[in-house]
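Colleague: Take this structure first; my questions come after.
The values are calculated or read from the model by the stated rules, or taken from the named source; none is laboratory data. Just so it is clear, the model here is predicted, and its values are computed rather than measured. For neighbour counting, all protein chains shown are included, and Cβ atoms are generated from backbone atoms with ideal geometry for every residue, glycine included. Ligands, DNA and RNA are excluded from the accessible area calculation, which covers all protein heavy atoms including side chains. Shrake-Rupley method; radii C 1.70, N 1.55, O 1.52, S 1.80 Å.
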Amino acid sequence: MLCDKSQNLVTLIIAGCALFHPHHPDGDITQKGYEKKRSKLLGAYLPQPPGLEASMAHERRPPMAPSSASRYHRRRSSGTRDERYRSDVHTEAVQAALAKHKERKMAVPMPSKRRSLVVQTSMDAYTPPDTSSGSEEEGGQGEGTPTSSQGSVSMEHWISRAIHQGSTTSSSSSSTQSGGSGAAGRLADVLAQAHVGKSGPIAHLSLKRKTMLGVAENGNSLRRSCEFGSDLLWPPPLESEENHSAPPDVTTYTSEHPVQVERPQVSTVPRTTPKYGNAELMETGDGVPVSSRVSAKIQQLVNTLKQPRRPPLREFFVDDFEELLEVQQPDPNQPRPEGAQMVAIRGEPLGVVTNWPPSLEAALQRWGTISPKAPCLTTMDTNGKPLYVLTYGKLWSRSIKVAYNILHKLGTKQEPMVRPGDRVALVFPNNDPAAFMVAFYGCLLAEVVPVPIEVPLTRKDAGSQQIGFLLGSCGVTVALTSDACHKGLPKGPTGEIPQFKGWPKLLWFVTESKHLSKPPRDWFPHIKDANNDTAYIEYKTCKDGSVLGVTVTRIALLTHCQALTQSCGYTEAEIIVNVLDFKKDVGLWHGILTSVMNMMHVISIPYSLMKVNPLSWIQKVCQYKGKVACVKSRDMHWALVAHRDQRDINLSSLRMLVVADGSNPWSISSCDAFLNVFQSKGLRPEVICPCASSAEALTVAIRRPTDDSNQPPGRGVLSMQGLSYGVIRVDSEERLSVLTVQDVGTVMPGALMCVVKPEGVPQLCRTDEIGELCVCSIATGMSYYGLSGMTKNTFEVFPMSSSGAPISEYPFTRTGLLGFIGPGGLVFVSGKMDGLMVVSGRRHNADDIVATALAVEPMKFVYRGRIAVFSVTVLHDERIVVVAEQRPDSTEEDSFQWMSRVLQAIDSIHNVGVFCLALVPANTLPKTPLGGIHLSETKQLFLEGSLHPCNVLMCPHTCVTNLPKPRQKQPEIGPASVMVGNLVSGKRIAQASGRDLGQIEDNDQFLFLSEVLQWRAQTTPDHVLFTLLSSRGAVLSSLTCLQLHKRAEKIATMLMERGHLQDGDHVALVYPPGIDLIAAFYGCLYAGCVPITVRPPHPQNIATTLPTVKMIVEVSRSACVMTSQIISKLLKSKEASAAVDVRTWPPVLDTDDLPKKKPPQLYKPSNPDTLAYLDFSVSTTGMLAGVKMSHTATSAFCRSIKLQCELYPSREVAICLDPYCGLGFVLWCLCSVYSGHQSILIPPSELEVNPALWLLAVSQFRVRDTFCSYSVMELCTKGLGLQTESLKSRGLDLSRVRTCVVVAEERPRIALTQSFSKLFKDLGLHPRAVSTSFGCRVNLAICLQGTSGPDPTTVYVDMRALRHDRVRLVERGSPHSLPLMESGKILPGVRIIIANPETKGPLGDSHLGEIWVHCAHNGSGYFTVYGDEALQSDHFNSRLSFGDTQTVWARTGYLGFLRRTELTDASGERHDALYVVGALDEAMELRGMRYHPIDIETSVIRTHKSIMECAVFPWTNLLVVVVELEGSEQEALDLVPLVTNAVLEEHYLIVGVVVVVDIGVIPINSRGEKQRMHLRDGFLADQLDPIYVAYNM
């Protein structure tokens, strides 16, 4: 053994040092560095002086020398294997598979996580996990270690490491490789990648394999399960000599071929990718170079995704409108069963022994009266001392007492609560088998039906609600319990036991003798022969978490005991040690029922004792000379981990070791390892008896304890590939992906067994086919209580031969176990129906996937037995999810590397991708009562986003292969043929116009606004035009026509005298929203200057807001800046000089002290087509554009609005908009002067102080028309949602509002407008009043809901058709429907046509295309300095390619469609509605289809209540989703799978990156629109400080 160990160590060292060899070509390293690395590598293996540990505390990893974690874990001698008792074959296979991955290396970018999140999760997790990591039927996987056997690191050390390792959390790009670029101590990585020279095979090495157990034969170390195929019972294949290969002896290669080690490639090495340029210096969309680690990671992800994947499936589903999902075509090369049809196998006859009792109660009566002193049950306390011995006499007398009290002391004499045949619950803790046994037999004697269940610990226990449903459906009204348990139940304030969630109302009845009345002398239970009445109900949890009750009749109960007695060879007074749960399954059948039939003595080991002392059961076998022990493989595993060469262990008394979960395919490794260690302690190989059982069929098969040790047990080494197609293939060549299974003995006495196809008609399988085992026997369950349909499908199955004839007249019971019957009638189980996951037509077993995950050096990072594997359905197929509990001391990097290797291992061995791998902090997965993982509850938490993982890796790119085919763009049909096609089909060309501008009124004769103002100042000098409100709602200031005129004159004087400006000079107006801005604007017009309104910098945020101001001033070529005194100081302040060069400002004039005199004469423009003002704004894509507005356009604009809204001097209009650009500016500054109405101005920023300000003003001034932005509406909806009652009491009344228009440049936000309407309906707001407007850069207002005309209409379109640029109207509520609201009525004087953006041809009605507009108030072009007008020129003057080729149109850049409705407009014509779908430059081209970000964002926001806002953008054809998280950072990782799933399901898109950020990170402009491109640039430049970034693989 030592030689072995040292030879492995030598290889490890050679492999490890090769990595850092001085002459390694990849990286220069000095001799000193080499020595240092070498000593670091060896450090873990050399004995350490005691003082060294402290000095290593700051190194990357904890010292690997195991420290004593508990008194059962002293330093073990080097001879024991520390933690890996699963099949060597499997681990070797996994290591080899990972080594194979070396060739096609996957670079998985590591997610980045905020520091607080890392430390927090780790700190929270540092409660050493509850060691009850055992396995329960629901999927706690196999074995669990009682404490971390790797050595727990001291708390201080751990904390100091968490602090000193801040660097590892900051997603350094070097840590992104899936290889071992982490700490040098990660030798296993080196080994997984160490491949030997061409001639030698891959070294099957693994770190854990420090010593080889087993006997050395010819110098080769052999283990039983390493002999591939050697101990199969069917003839091995011909190359069997080769099959005996031992793991390669690595030392022989070292001399001839130096071990080559691939250095993990670090992603910072620049790799030239032809398509996107160098990863280090990437360009953002606008060509701005960005050197950032985020983009390097994305680049890495892109590169990884470009690597060849598993071949795509034959047929993608084509997302045609009839949603034809292509069913997956079977692989023509898949293995098919070739054997003959199987024959049902009959067990030996059930021999009737003359003295077998006629019923179990009769047996109890017999032993209780003839040998009352014989011990029946000995219970243990947590120190392993015998607590209590229950004799047969006591059991008999107490059971009678319980029976009498149940029947006669509950309820009244006339109305007893419990009658024979009724069901009662048995609620007993796991450490009190004696009380349970008395209550169980009491029920049998009283002829009531016991339903044993777990003790509910809290009101919300995992799965306890479902148990409650079972009790309710069984009509349970009484629960029997013990005194101690009753005291421990949760109590309400008055001391009563609360009703548990989902439970019926129960009477709790304590069964301790002292609480019971003595039965009268003449009362005696009625003891009958076993009949078909129900004896008891065993509960069973299904895959989906629902709980069913399996009824077992009295005759089945007795027959089962007889069959077990016969097959196990039980005799009177034998001693049996039971570790299993005695309330159900094998523990109940052997330890409570069969034991009494044979007057055996049961030593019951409670689970709590096993947690403290895992060896307790072995000690009791020695102490009591036990003949039989009932355990699970977990208990064998724990005993191995804890056994420390105990001198006094002797297991020679044991004749049978029943392994209850022997049907679990990987219990074989525990059995093998256990035998290896304990064979020297007297354990005979033939003693180990695995059995298979299920709640429905009771014991299905059990291996008989033979005295003949020559007959070896059956082994099968099966190909996983074959198993996934349900075919048995003994594996010979591909040794990586195999499953070694052991037999579970033969069919039970008196039973008949066959194997049927798992789905569909129960047809017999062929001999080489895996199917569901079915049993025909008296000794099985009878039904699922109260569920006749499911009962029929499970308990009344008639298997059919290929001819279609049933093989037997008697019904069979489905066992829920998958397997086959091998040679010699041996039964093999390969998995459970419940653990079956069918992915793309292939079957995988959850247990096998757990085994593979555990074989990837598990103990370092995750807890054994704390792994859950289940599947979720996403996009019409099952997807595999793996959830594991992470050790608190493993670093981010370690866990991530482990995760990426698990993915590779599962991919290699099972040939299936894992959709999601999540690690949760230790001890947080929901548990079953015995400490296993509650699988369905875990799945539920995962799906609803409340699992709170600390690490997540999603792999949709590799798993999802059934996406619709990417759309191939068809060659465009010529425009002319489109037109002809439209004419033929009777479709009209999509065009529409607003009404004519009509006759001219007195103020309409003026061509210039400055003239209108002068005219108003003369004719109505005292008419108030503007009123500005404060945040309290008081009037701050107001302007009459004359005041405005006078003020404007003074400003004009100042511009001429102080500014020395010529006419035509540009002036930047930097004012807060208010009256000064309006006066300055007209002052400019009076002086002949061109004003540009600019939003002032935000005093709290100068660094980001001032550069925009500076940029507009420069780009607009402003000759001077006009502003208020406060802002002028701000522009030149110290803070400002940090953000911009303040010396280059043009002259700044402050208008707070104006000259007294008026100008000599006012400027009169000569040509109405000259510039009136420039409208500058930043588009959502981050482009700054200034639009030229001529005097003609400005007047036409005001006139159009005046007509549409019927504005006259007698009207008041409330405006709550930003006055800097677009329609907001026009309404704030221009319309009142043109139409004479009074504008009540409400700066939107004041609403942040007082959200009710706008609505109160509307109510107070009795306004009929009001305008707002989406951000204002959102503030009101969110801020006033709960205050409508108090607002009503303050007299808020909105019943006068006729139009409330949201000013926007986007698709109407229906959800927001509807919730606003609903919310304020009680305050009198008419739902028809709320509408939207639509404008864009080329035309600031195209649609606006006016006073007359029909209400806005809503249509529902198919979102999938929209992606193909088609409009398909559907009914409301149909799948994939998207509501679109009309954007308001088309303004007077506006003509609209829908054109194809590529061919520029006109489109038909209800076709999606670009909206083109022709009207007098179009802008006259972009004002830019950069001279790229050629690019933009067609925005303002485009012509159709055919049809009306004369008219000049402006292109809005928005996609939409026109639809003629049934409504009539004011002129009596049919009304044409315009629907805006979204901006062309925001739309994303993905998979050949056009997606609008808002649609994806809507889906994402709906997925979880904590997602407040979302924005998406594409980056190098990856979709990036940014979500704002409201709530604790712990929820951040829950969102990743939910977001990925939702986008896949609803949009057929794979999300590349999910970024979780704080609230308020997504930038929004003044119109309330998301600025996705700013967000993108911020993300790529790493400026978002995200909570978590997940890179989906």
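Colleague: With the condition kept exactly as written, say whether any residue in the range 1291-1302 is in a helix (DSSP H, G or I), in contact (Cβ under 8 Å) with a residue 12 or more places away in the chain and surrounded by fewer than 21 Cβ atoms within 10 Å (Cβ to Cβ). Lay out the reasoning, then the answer.
Modeller: Of the range 1291-1302, the ones in a helix (DSSP H, G or I) are none.
No, every residue in the range 1291-1302 fails to be in a helix (DSSP H, G or I), in contact (Cβ under 8 Å) with a residue 12 or more places away in the chain and surrounded by fewer than 21 Cβ atoms within 10 Å (Cβ to Cβ).
Colleague: Anything in the range 776-805 that is among the aliphatic types (A, V, I, L, M), surrounded by 14 or more Cβ atoms within 10 Å (Cβ to Cβ) and within 30 Å of residue 472 (Cα to Cα)? List them, or say none.
Modeller: 778, 779, 782, 787, 797
Colleague: Within the range 1376-1392, is even one residue without any contact (Cβ under 8 Å) to a residue 60 or more places away in the chain and in a loop (DSSP other than H, G, I, E, B)?
Modeller: no
Colleague: Output the qualifying pairs, or none if there are none: Cβ atoms under 6 angstrom, residues six or more apart or on different chains, first residue in the range 1032-1057 and open to solvent by 50 Å² or more (accessible area, probe 1.4 Å), second residue in a helix (DSSP H, G or I).
Modeller: Pairs that qualify, where the first residue is open to solvent by 50 Å² or more (accessible area, probe 1.4 Å) and the partner is in a helix (DSSP H, G or I), are 1042/1017; 1047/1079; 1056/1087.
Colleague: If you don't mind, another one. Go over the candidates 1349, 1335 one by one and state the one that is among the small types (Gly, Ala, Ser), crowded, with 19+ Cβ neighbours inside 10 Å and closer than 16 Å to residue 1455 by Cα.
Modeller: Details: 1349 fails: closer than 16 Å to residue 1455 by Cα.
Going through 1349, 1335 in turn, the sole match is 1335.
Colleague: In the set 1150, 1065, 1076, 1141, which member is at pLDDT below 85 and either out of contact with any Leu (no Cβ under 6 Å at 6 or more places or on another chain) or open to solvent by less than 30 Å² (accessible area, probe 1.4 Å) (or both)?
Modeller: The conditions single out 1141.
Colleague: Let me ask something additional. Quick check on my filter: what residues within the range 1228-1258 are closer than 29 Å to residue 1290 by Cα, in a helix (DSSP H, G or I) and open to solvent by less than 10 Å² (accessible area, probe 1.4 Å)?
Modeller: Going residue by residue through the range 1228-1258, those that are closer than 29 Å to residue 1290 by Cα are 1228, 1237-1258.
Checking the rest, the ones that are also in a helix (DSSP H, G or I) come to 1228, 1244-1248, 1253-1258.
Hits for the range 1228-1258 are 1228, 1247, 1253, 1254, 1255, 1257, 1258.
Colleague: Determine the pairs where a residue that is at pLDDT below 75, located within the range 320-344, has a partner that is open to solvent by less than 80 Å² (accessible area, probe 1.4 Å) with Cβ atoms under 6 Å apart, the partner being 6 or more residues away or on another chain.
Modeller: Taking only residues 6 or more apart or on different chains, the pairs are 325/317; 326/315; 326/317; 328/313; 328/840; 328/841; 329/315.
Colleague: Select from the range 1111-1137 the residues that are open to solvent by less than 40 Å² (accessible area, probe 1.4 Å) and assigned to a helix (DSSP H, G or I) and list them in ascending order.
Modeller: Matches in the range 1111-1137: 1112, 1113, 1115, 1127, 1128, 1130, 1131, 1136.
Colleague: Run residue 455 past the list (1) within 30 Å of residue 522 (Cα to Cα); (2) part of a loop (DSSP other than H, G, I, E, B) and report the number of the one that doesn't hold.
Modeller: Status for residue 455: all satisfied but (1).
Colleague: Condition test on residue 1263, is it assigned to a loop (DSSP other than H, G, I, E, B), open to solvent by less than 10 Å² (accessible area, probe 1.4 Å) and closer than 17 Å to residue 1214 by Cβ?
Modeller: Details: assigned to a loop (DSSP other than H, G, I, E, B): yes; open to solvent by less than 10 Å² (accessible area, probe 1.4 Å): yes; closer than 17 Å to residue 1214 by Cβ: yes.
Yes: the conditions hold for residue 1263.
Colleague: Just to be sure I understand, how many residues within the range 568-608 are more than 12 Å from residue 627 (Cβ to Cβ) and in contact with a Pro (Cβ under 6 Å, 6 or more places away or on another chain)?
Modeller: Result for the range 568-608: 3.
Colleague: Quick one: in the range 419-473, which of the residues that are on the phi > 0 side of the Ramachandran plot and of a type outside the set (Asp, Glu) is modelled with the highest pLDDT?
Modeller: Step one: list which residues in the range 419-473 are on the phi > 0 side of the Ramachandran plot, which gives 421, 447, 463.
From the residues that got through so far, the ones that are of a type outside the set (Asp, Glu) too are 421, 463.
Numbers: 421: 92, 463: 74.
So the residue we want is 421.
Colleague: Could you please give the count of residues in the range 1179-1221 that are open to solvent by 20 Å² or more (accessible area, probe 1.4 Å), more than 23 Å from residue 1019 (Cα to Cα) and out of contact with any Asp or Glu (no Cβ under 7 Å at 6 or more places or on another chain)?
Modeller: Residues in the range 1179-1221 being open to solvent by 20 Å² or more (accessible area, probe 1.4 Å), more than 23 Å from residue 1019 (Cα to Cα) and out of contact with any Asp or Glu (no Cβ under 7 Å at 6 or more places or on another chain): 6 in total.
Colleague: If you don't mind, another one. Test residue 840 against the criterion of being in contact with a Ser or Thr (Cβ under 8 Å, 6 or more places away or on another chain), surrounded by fewer than 19 Cβ atoms within 10 Å (Cβ to Cβ) and of a type in the set (S, T, N, Q), and give yes or no.
Modeller: Here the answer is yes, as residue 840 does meet what is asked.
Colleague: Determine which member of the set 490, 525, 504 is in a loop (DSSP other than H, G, I, E, B), open to solvent by 20 Å² or more (accessible area, probe 1.4 Å) and in contact with a helix residue (DSSP H, G or I) (Cβ under 9 Å, 6 or more places away or on another chain). Give the steps one after another, and end with the answer.
Modeller: Values: 490 fails: in contact with a helix residue (DSSP H, G or I) (Cβ under 9 Å, 6 or more places away or on another chain); 525 fails: open to solvent by 20 Å² or more (accessible area, probe 1.4 Å).
After applying the criteria, what remains is 504.
Colleague: Identify all residues within the range 1445-1485 that are within 25 Å of residue 1422 (Cβ to Cβ) and outside any strand (DSSP E or B); write none if there are none.
Modeller: 1445, 1446, 1447, 1448, 1480, 1481, 1482, 1483
Colleague: Do you know which of the residues in the range 871-894 that are in contact with a Leu (Cβ under 7 Å, 6 or more places away or on another chain) and surrounded by fewer than 24 Cβ atoms within 10 Å (Cβ to Cβ) is modelled with the highest pLDDT?
Modeller: 872
Colleague: I would also like to ask the following. Might you check whether a residue that is crowded, with 23+ Cβ neighbours inside 10 Å, modelled with pLDDT of 80 or more, within 11 Å of the chain's Cα centre (by Cα) and in a strand (DSSP E or B) occurs anywhere in the range 953-971?
Modeller: Checking the range 953-971: at least one residue is crowded, with 23+ Cβ neighbours inside 10 Å, modelled with pLDDT of 80 or more, within 11 Å of the chain's Cα centre (by Cα) and in a strand (DSSP E or B).
Colleague: Being of a type in the set (D, E, K, R) and touching a Leu at 6+ places or on another chain (Cβ under 8 Å) is the filter; apply it to the range 685-740 and report the residue that is modelled with the lowest pLDDT.
Modeller: 731
Colleague: Oh, and also: Looking for whichever is within 29 Å of residue 455 (Cα to Cα), among the hydrophobic types (A, V, I, L, M, F, W, C) and either free of Cβ contacts under 8 Å to residues at least 60 places away in the same chain or assigned to a helix (DSSP H, G or I) (or both) here; the options are 925, 903, 930. Which one fits?
Modeller: 925
Colleague: In the set 603, 537, 555, which member is surrounded by 21 or more Cβ atoms within 10 Å (Cβ to Cβ) and either in a helix (DSSP H, G or I) or touching a Cys at 6+ places or on another chain (Cβ under 8 Å) (or both)? Explain how you work it out, then say what you get.
Modeller: Details: 603 fails: either in a helix (DSSP H, G or I) or touching a Cys at 6+ places or on another chain (Cβ under 8 Å) (or both); 555 fails: surrounded by 21 or more Cβ atoms within 10 Å (Cβ to Cβ).
One residue alone meets the criteria, 537.
Colleague: Given the conditions (1) of a type outside the set (Val, Ile, Thr); (2) part of a loop (DSSP other than H, G, I, E, B); (3) in contact (Cβ under 8 Å) with a residue 24 or more places away in the chain, which single one is not true for residue 1022?
Modeller: (3)
Colleague: What pairs can you find where one residue is in the range 488-500 and among the small types (Gly, Ala, Ser), the other is modelled with pLDDT of 80 or more and assigned to a loop (DSSP other than H, G, I, E, B), and their Cβ atoms are less than 7 Å apart, with a gap of 6+ or different chains?
Modeller: These pairs meet every condition: 492/498.
Colleague: Quickly run through the range 819-856 and pick out the residues that are under 19 Å from residue 920 (Cβ atoms) and in contact with a Lys or Arg (Cβ under 9 Å, 6 or more places away or on another chain).
Modeller: 846, 854, 856
Colleague: Residue 944 fails exactly one of the following numbered conditions: (1) closer than 24 Å to residue 110 by Cβ; (2) charged (D, E, K, R); (3) open to solvent by 20 Å² or more (accessible area, probe 1.4 Å). What is the number of that condition?
Modeller: Only one criterion is unmet by residue 944, namely (1).
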